[in-house]
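The values are calculated or read from the model by the stated rules, or taken from the named source; none is laboratory data. Computed from a prediction, not measured in an experiment: that's the story for all the values here. Here the Cβ positions follow ideal geometry from the backbone for every residue, glycine too, while neighbour counts run over all protein chains shown. Remember, those area values only see protein heavy atoms, side chains included, never the ligands or the DNA or RNA. Shrake-Rupley method; radii C 1.70, N 1.55, O 1.52, S 1.80 Å.
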Amino acid sequence: MTDQSASPIHTIAIVGGTGKEGKGLAYRWAKAGYRLLIGSRQAEKAQAAADELHLLLPENAVVEGMANPEAAASADLVVVTVPYAAHRDTFEMLIPFVQGKIVVDVTVPLVPPKVTKVQMPPAGSAAQEAQQILGEGVQVAAAFQNISYEHLLRDEPVECDVLVTGSSKAARAQVLELVKAANLVGWDAGPIENSVVVEGLTSILIGLNKQYGVQSAGVRITGIPCSGGSA
Ligand SMILES: NC(=O)c1ccc[n+]([C@@H]2O[C@H](COP(=O)([O-])OP(=O)(O)OC[C@H]3O[C@@H](n4cnc5c(N)ncnc54)[C@H](OP(=O)(O)O)[C@@H]3O)[C@@H](O)[C@H]2O)c1
């Protein structure tokens, strides 16, 4: 597997960045000083999302909107925030644009209408499916699947930790830097096979939200001094 995970990350593309989760992550990272490329199937929709974010961000923040392939091709690291129904097509489209890069899959393989029931794809998890599609030349990591978008466009602390899984320790370390930049607490949760647990946890959290009438139930790792995490 090509290891380019030690290269510094300046420019982040978010494929499906016009949606709720992608826009929230883009806001946090643009605020931290990264250059953000919002991707969409329609460049105009991406530009509108970028304009919307500029209204919330400091003047020097850099957020640009463009079509998904252009965003992925121009970025150092690519984050994917699309519904699971669009997962395979999106990753197949990305193949030529992300070779040698880290790709962070935020997708949860929810199967409506039973989104409170864990239903994993044959590959084992969405992230493993992404790795199978993209091949060995791409390092897939998975993160943020438990972080509800409601928190991300606000500046208050998020009471949910980020469990980062991925195909190499170096890739996970790069993603943990992004977790920290987003002002979240993150943990190295091990190899990409472990993403099944993290993705599955989201269905449990959605179920808790429904049962208790809240919007953002979360999880915390306890028993480790806070300095062990990424924030
Ligand atoms: N929402 C949350 O709080 C949350 C939390 C954790 C994880 N997640 C996961 O993050 C992912 C995105 O969630 P979201 O709530 O942001 O979703 P969303 O707002 O419904 O969709 C995100 C973007 O995906 C693109 N998209 C939609 N259908 C598509 C299709 N058929 N083909 C290609 N692109 C398509 C759209 O962008 P364009 O139309 O601009 O192309 C859309 O703006 C999901 O897998 C979700 O499970 C969400």
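Below 16 Å Cα-Cα, how many Lys pairs turn up in the chain? Only count pairs eight or more apart in sequence, or on different chains, if you could. Don't jump to the answer; show the numbers that get you there.
On the way: Lys20/Lys45; Lys23/Lys31; Lys23/Lys45; Lys31/Lys180; Lys101/Lys169; Lys114/Lys210; Lys117/Lys210.
Lysine pairs, 8 or more places apart or on different chains, close enough: 7.
With every protein chain present, what is the per residue accessible area of region 110-228 (1.4 Å probe, Å²)? List each step's numbers first, then the result.
Details: 5580 Å² over 119 residues.
Counting only protein heavy atoms, the per-residue value for region 110-228 is 47 Å².
With a point put 7 Å past each Cα toward its Cβ, work out how far Ser216 is from Ala32 in nm, to one decimal.
Reported label-point gap for Ser216 and Ala32 is 1.6 nm.
Do me a favour and compute the ellipsoid semi-axes for region 1-70 from its Cα gyration tensor, root of five times each eigenvalue, largest one first, whole Å. Mind dumping the intermediate values first?
Details: eigenvalues 81, 48, 17 Å².
Each semi-axis is √(5λ); the values are 20, 16, 9 Å.
Go ahead and set up a Gaussian network model of the chain, Cα springs under 10 Å, then flag whichever of Val179, Val106, Val197 fluctuates most.
In this elastic network of the chain, the residue with the biggest mean-square fluctuation among Val179, Val106, Val197 is Val197.
Just the accessible area for Ile224, please: 1.4 Å probe, Å², rounded to the nearest 10?
The accessible area of Ile224 comes to roughly 80 Å².
Can you bin region 147-188 into rounded, prolate or oblate? Criterion: square roots of the alpha carbon gyration tensor eigenvalues sorted a ≥ b ≥ c, rounded for a/c under 1.5, prolate for a/b above b/c, oblate for the rest.
Details: a/c = 2.76, a/b = 2.24, b/c = 1.23.
Because a/c hits 1.5 or more and a/b exceeds b/c, region 147-188 counts as prolate.
Let me have the relative contact order for region 48-113, percent, based on Cα pairs under 8 Å that are six or more residues apart.
Numbers: 52 pairs, mean separation 22.2, N = 66.
So the answer I get is 34 percent.
Once every DSSP H run of n ≥ 4 in the chain is given -39500 (n - 2.57) and the sum is divided by its residues, what mean residue ellipticity at 222 nm do you get, rounded to the nearest 500 deg cm²/dmol?
Working: 8 runs with 85 residues, N = 231.
Result for the chain, helices only: -11000 deg cm²/dmol.
Calculated FRET efficiency, Lys169 and Gln99, Cβ-Cβ r, R0 22 Å, to nearest 0.05? Display every interim value, and only then the final one.
Working: r = 21 Å, r/R0 = 0.94.
Efficiency at R0 = 22 Å is approximately 0.60.
Lys20 accessible area, nearest 10 Å², 1.4 Å probe?
Approximately 130 Å² for this residue.
Sorted by packing (mean other beta-carbon atoms within 10 Å per residue), highest first, where do 32-44, 109-121, 135-147 land?
Values: 32-44: 20.6, 109-121: 14.8, 135-147: 23.2.
Answer by packing, highest mean first, reads 135-147, 32-44, 109-121.
Using the crude model of +1 on Lys and Arg Cβ and -1 on Asp and Glu Cβ, and no other charge, please compute the dipole size for the chain relative to its Cα centre, in debye to 20. List each step's numbers first, then the result.
Details: 17 positive and 23 negative charges, 84 e Å.
Computed charge dipole of the chain: roughly 400 debye.
Simple spin-label model, 7 Å along Cα-to-Cβ: Ile224 to Met120 in nm?
2.0
Please report the antiparallel percentage of the DSSP beta bridges confined to the chain, to the nearest 5. Mind showing how you got there, number by number?
Working: 2 of 29 bridges.
In the chain, DSSP labels about 5 percent of beta bridges as antiparallel.
Rounded to a whole number of µm²/s, how large is the Stokes-Einstein D of the chain at 20 °C and 1.002 mPa s, given Rh as the Kirkwood radius over C-alpha pairs? All intermediate terms of the calculation are to be shown ahead of the outcome.
Numbers: Rh = 17.4 Å.
Translational D for this selection: 124 µm²/s.
For region 162-203 and region 1-65, write down the distance between their C-alpha centroids in whole Å.
Region 162-203 and region 1-65 have Cα centres spaced 19 Å from each other.
Only helices at least 15 Å long along their axis, Cα-based, and averaging -0.5 or more on Kyte-Doolittle count here, so list those DSSP H runs from the chain.
Details: long enough: 20-31 (17 Å, -1.27); 43-56 (20 Å, -0.05); 169-181 (18 Å, 0.30); 195-212 (26 Å, 0.79).
Going by DSSP H runs, the hits are 43-56, 169-181, 195-212.
Could you please report the charge total around Val108, scoring K, R as +1 and D, E as -1 over all other residues with beta-carbon less than 11 angstrom from its beta-carbon?
Numbers: positive: none; negative: Glu21, Asp105, Glu199.
Charge balance near Val108 sits at -3.
How big is region 95-149 on each of its three principal axes, counting only the C-alpha atoms and giving the largest first in Å?
So the three principal-axis extents are 36, 26, 14 Å.
When the chain is fully extended, how far beyond the present Cα-Cα distance does Glu150 get from Asp51, taking 0.36 nm per residue of separation?
Answer, rounded to one decimal: 33.7 nm.
Using protein chains only and a probe of 1.4 angstrom, how many square angstrom of Tyr149 are accessible, to the nearest 10?
Number for this one is 90 Å².
Percent relative contact order of the chain, based on C-alpha pairs within less than 8 angstrom and at least six residues apart? Could you put the intermediate results ahead of the total?
Values: 515 pairs, mean separation 43.9, N = 231.
Worked out over the chain, it gives 19 percent.
In what order, largest first, do Ile102, Ile95, Ile204 sit by accessible area if the probe radius is 1.4 Å?
On the way: Ile102 5, Ile95 60, Ile204 90 Å².
Reading off the accessible areas and sorting them downward yields Ile204, Ile95, Ile102.
Taking all protein chains as present, what is the carbon and sulfur share of the accessible area of the chain, in % to the nearest whole number, probe 1.4 Å?
Numbers: 5690 of 10350 Å².
With neighbouring chains kept in place, the figure for the chain is 55 percent.
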